[in-house]
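Q: Could you have a look at this structure, given as structure tokens, before my questions?
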Amino acid sequence: MIALHRFQTESKVAYCRLVGMHGGGGGNKSAGFLELLTQKMKDDIDCHYGGNFPYDSYWPNPVSNSPLPQLIGAEDKNQAFAYTFCWHGQPQFLLWHRPLMAEFEIGLQEHDPKYDEGDPNRHSGADALGAPYWGWEAWDGLTLSQVVTNFYYIVTTDAFAHKGLSKGSSFCNPYFRWIAPVSVEQQLEEHFPEILKDENATRRDSAFSDFRSVFANAWPQVSQPGNPSMKDVVQVAISNPSWNKFATSGSTTGQPENYGSIWSIENPHNKFHNHVGGRIMGGTQ
């Protein structure tokens, strides 16, 4: 929790670049990152839109948690970064997300308060921090742990007092609220909110805390015709010998019949995002 908080606050641009890739991009002052994004943008526009900039739509059709694409200027090759870098609906889906998670874990390790700067054990030692994973198999889809829903996190030890985090100190829970995609102009200038609040960030679906609310996106527990449970989908996907049918729905390939559709591992991935995420800025997070 402390490592994630430090990652979000002490390395804001690096965090927004990485996490923003999954839902909207963020920042381009790194030459290597700029080159990668520029080529990815070109490939996406060529592949999905016949080489023409999509003035009135999202990528891929649609990514509802990204702001509308905006054209910065005809001569500006850095346009459209708000929506182009989230690889779904194609066989590269898993291959893209796996290194994304590895980079996220490295970012957490860099901000682990157990280690001093430059300590090689932070990445490869026996106590190196690992990214947490959700034990979703027995999850009812109706409740969330307090570690996710509490507004604040309270430090319970003095072990990190020398890092400015003494026992009893608190900070905003990074699991409770996180930054939502900002405008293309703000991303290009690497301008992000100083404080996360309801107006500029997203929280979990309100139905987790207000039982009068209805979930915006379901998490099926029991399979119904055309709407299988996520546990059944995972079992079918991991048993499929075809990589294409296992890995992706194929929704943006133009040939979905050759891919896994709702029986691919991408379906529970998307369902989990949308069910837990919440709604802000006109889209599901």
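Q: Keeping all protein chains in position, work out how much accessible area Arg177 exposes to a 1.4 Å probe, and write it in Å² to the nearest 10.
A: Looks like 50 Å² after rounding.
Q: Go through Tyr152, Tyr175 and list them by solvent-accessible area, largest first, probe radius 1.4 Å.
A: Output order, biggest surface exposure first: Tyr152, Tyr175.
Q: Find how much the distance from Arg98 to Val214 grows on full extension, using 0.36 nm per residue of separation minus their present alpha carbon separation; answer in nm with one decimal.
A: Full-extension gain reported as 38.6 nm.
Q: Could you sort Met101, Met230 by accessible area so the largest value comes first, with the probe set to 1.4 Å?
A: Highest to lowest solvent-accessible surface, that is Met101, Met230.
Q: Each residue of the stretch 165-171 in turn: what ³J(HN,Hα) in whole Hz from Karplus with 6.51, -1.76, 1.60 and θ = phi - 60°, glycine and Pro shown as x?
A: The phi angles translate into 10, 7, 4, x, 6, 9, 8 Hz.
Q: Suppose each label sits 7 Å from its Cα in the direction of the beta carbon; what would the Asp119-Thr149 distance come out to in nanometres?
A: Output for this residue pair reads 3.5 nm.
Q: If you take the square roots of the eigenvalues of the alpha-carbon gyration tensor of the stretch 229-270 and sort them as a ≥ b ≥ c, do you get rounded (a/c under 1.5), prolate (a/b over b/c) or oblate?
A: It comes out oblate by the Cα gyration axes.
Q: Now, a different point. Counting pairs of alpha carbon atoms under 8 Å apart in space and at least six apart in sequence, what relative contact order in percent does the stretch 204-285 give?
A: 30
The values are calculated or read from the model by the stated rules, or taken from the named source; none is laboratory data. Treat the numbers as computed from the prediction; the structure is a model and nothing was measured. All Cβ positions, even for glycine, are placed from backbone atoms using ideal geometry, and neighbour counts span all protein chains on display. Protein only, heavy atoms only, side chains kept; ligands, DNA and RNA dropped before computing areas. Shrake-Rupley method; radii C 1.70, N 1.55, O 1.52, S 1.80 Å.
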